[in-house]
Amino acid sequence: MPAVPDAATTDAAAASDAPVAPRSCSRDRDVDLLFVIDNSGSMNQRQANLARGIAAFVGALVSPPTNPATGRLIHPPARSLRIGAVSTDLGTPGSTVPSCSNSDVGDDGRLNPIRYGQAIRSHQPWTAAPAGARPARCTTDPDQYPSFLSFDAASSDLEDLREDYVCYAYLAGGSGCGLEQPLEAAYRALVVHDARDIPGNVRPNAGFLRDDAVLGIVVLSDEDDGSVRDCRYAEAGAACADGTGVFDSARSDWASTDLNLRFYMYEPGGAQDPTWNLDRYLDPTRPLRGFTAVKPGAPQLVVFSAIAGVPLSLPQRPDGSVDWTTLLGTNPDGSDGHVGMSPEGPVSMRQRNMDPGCSTRVVPSCRREGSEYDPARPGCDTITQPFAYPSRRIAEVVRRFDERYQNGVIGSICRDDYADVLRAIAERVGRRFCP
């Protein structure tokens with residue numbers, strides 16, 4: 001298994017490259033969108049919600065609305081888009097876990113996992129998707145689409161794009177691995193498999209990322225990130241303590257006997273934490289590391305967003321922005337994150353906060369918008385009352401992008417309609433177009 005490429009992950013190696021003039025906006029007004037899609041058992045409706053909003057989302061990029069206060073477009077229109085998708089399934093190295101059909105690498109962060117993923121081969125969308133979920137233009141040929149979709153604002157049709165997106169990126173939630181690794185899947189897609197469109201690049205995802213395009217990363221997941229330390233993918237020269245033993249259900253040295261709870265009951269940074277440090281994905285002091293490494297000299301061209309497990313009503317500052325301190329707390333152990341009562345029932349963003357009414361889960365971060373809650377008979381499964389777990393690690397990466405580059409957007413996956421958060425993502429991406 002190849003190590004992470006030096007030139008994409010270490011300051012020293014990147015510094016040896018030819019100098020790159022700093023840029024804070026895209027002159028070409030192109031966008032490369034990477035969708036990181038949770039395809040585990042509870043995600044069919046959530047994937048459908050996202051697909052329903054894709055045309056409007058892209059429409060907001062290529063034909064932005066006017067600011068009523070100024071009479072001007074809120075940002076310049078996008079010229080073209082590339083759309084790629086990866087699943088959150090990276091396998092369970094060393095262990096066999098039900099629903100995780102390729103234990104070694106899962107879908108490996110490969111763009112278009114329907115075609116290139118090793119796990120999704122056993123549950124292709126045309127065998128696992130609900131009836132009517134896929135448009136007529138979708139075939140049962142895994143080679144129907146290339147690694148990514150392309151859209152030209154001057155000549156492409158939005159409805160065709162929506163249908164192509166569903167055929168390409170509807171990954172049949174309900175069949176994929178229930179131990180999700182969205183941050184590492186994005187990292188594997190962009191960095192390990194080097195997705196840059198540069199001469200001589202022959203890595204698996206080569207050709208996706210254009211130099212002057214804004215990179216938008218959109219995570220869709222109803223759980224937290226469980227990106228486990230797999231030292232085969234350690235940064236070159238960095239020490240690594242492998243965490244893949246967390247997938248072994250027979251082990252007693254992790255935070256719970258329940259495999260899923262092992263990713264919610266540990267103390268961050270402690271002995272039972274199996275995950276990569278979040279600096280791997282965005283290190284505020286080292287822009288030539290992590291996701292921003294693929295934009296050397298232009299980290300402002302990376303926008304990170306998530307539709308994930310956070311409350312329907314996010315705590316806000318007086319200016320309307322997310323109050324990250326209230327949402328995630330200030331204690332390193334995550335013990336003082338937000339808790340509250342929504343109309344749908346109790347919600348929590350705290351680490352290790354077991355649900356007193358449900359012995360198999362922590363208190364949800366949100367419950368489906370408009371659903372009913374009976375405290376005498378709490379619904380402990382996603383069928384009785386759909387819910388999402390606290391996506392603390394995902395939210396923390398959004399926070400880092402928001403606070404360092406003003407490039408982070410988050411919304412609740414428990415909403416029935418994702419239009420508002422998709423518009424917010426489109427606006428944030430559009431701000432990075434040069435006037």
Q. Relative contact order for segment 202-258: what is it in percent, counting Cα pairs under 8 Å that are at least 6 residues apart?
A. 19 percent
Q) According to a simple spin-label model (label point 7 Å from Cα along Cα-to-Cβ), what is the distance in nm between ARG352 and ASP104? A) 3.7 nm
**Q.** Amide H within-cut-off set for SER26, under 5 Å, with H built and near neighbours excluded
**A.** PHE433, CYS434
Q: With an 8 Å cut-off on Cα pairs and a minimum separation of 6 or more residues, tell me the relative contact order of segment 324-389 in percent.
A: 24 percent
**Q.** Residues with amide H under 5 Å from that of ASP104, placed H, sequence gap 5 or more
**A.** THR92
Q) Quick one: Karplus J couplings for segment 248-256, per residue in order, coefficients 6.51, -1.76, 1.60, θ = phi - 60°, nearest Hz, x for Gly and Pro? A) 8, 5, 7, 6, 10, 9, 9, 6, 7
Q. Separation of segment 93-135 and segment 400-435 by C-alpha centroid, Å?
A. 28 Å
Q) Can you give the calculated 222 nm mean residue ellipticity of the chain, where each DSSP H run of n ≥ 4 adds -39,500 (n - 2.57) and the sum is split over every residue, rounded to the nearest 500 deg cm²/dmol? A) -5500 deg cm²/dmol
**Q.** Extension gain (nm, one decimal) between ALA376 and ARG431, 0.36 nm per residue minus Cα-Cα
**A.** 15.0 nm
Q.
What does the net charge come to around GLY270 if you take all other residues with beta carbon closer than 15 Å to its beta carbon, with K and R at +1 and D and E at -1?
A. +1
Q) Between ARG232 and ILE74, what length comes free when the chain is fully extended (0.36 nm per residue of separation minus the Cα-Cα distance, one decimal in nm)? A) 52.4 nm
Q: Take the alpha carbon atoms of segment 80-138, find their radius of gyration, then divide it by 2.2 N^0.38 Å using N residues; give the quotient.
A: 1.26
Q. How far, in nm, would the chain grow between GLU403 and VAL97 when pulled straight, counting 0.36 nm per residue and subtracting the alpha carbon separation?
A. 106.4 nm
Q: Sketch the reach of a paramagnetic label on TRP126 as a point 7 Å from Cα along Cα-to-Cβ, and name the residues of segment 28-61 whose backbone nitrogen lies under 15 Å away.
A: none
Q | Under Karplus coefficients 6.51, -1.76 and 1.60, residue-wise ³J(HN,Hα) of segment 79-86 in Hz, glycine/proline x | A | 8, 7, 9, 10, 10, x, 9, 9
Q: Using +1 at the Cβ of each Lys and Arg and -1 at the Cβ of each Asp and Glu in segment 324-389, identify which of PRO364, PRO332, PHE387 lies farthest towards the dipole's positive end.
A: PRO332
Q. What number, in percent, do you get for the relative contact order of the chain if the mean sequence gap of Cα pairs under 8 Å and at least 6 apart is divided by its residue count?
A. 20 percent
**Q.** Loop trypsin sites (Lys or Arg not before Pro), segment 294-380, which have at most 16 other Cβ atoms in a 10 Å radius of their Cβ (DSSP)
**A.** ARG352
**Q.** Under-5 Å amide H pairs with VAL219, H placed in peptide plane, nonlocal only
**A.** VAL36, SER305, ALA306, ILE307
Q) Kirkwood hydrodynamic radius for segment 294-371: how many Å is it when counted over pairs of different Cα atoms? A) 14.3 Å
(Q) Quick check of the Kirkwood formula: for the chain, what is the inverse mean of 1/r over all pairs of different Cα atoms, in Å? (A) 21.8 Å
Q) Which helices, taking whole DSSP H runs in the chain, have alpha carbons extending 24 angstrom or more along the helix axis plus mean Kyte-Doolittle at least -0.5? A) 44-62
(Q) Please list 3J(HN,Hα) in residue order for segment 114-131, calculated via the Karplus relation 6.51 cos²θ - 1.76 cosθ + 1.60 where θ = phi - 60°; whole Hz, with x for glycine and proline. (A) 4, 8, 10, x, 7, 7, 5, 4, 8, 8, 4, x, 6, 9, 10, 6, x, 4
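Each value in this text was obtained by applying a stated rule to the coordinates, not by laboratory testing. Computed from a predicted structure; not experimentally measured. For neighbour counting, all protein chains shown are included, and Cβ atoms are generated from backbone atoms with ideal geometry for every residue, glycine included.
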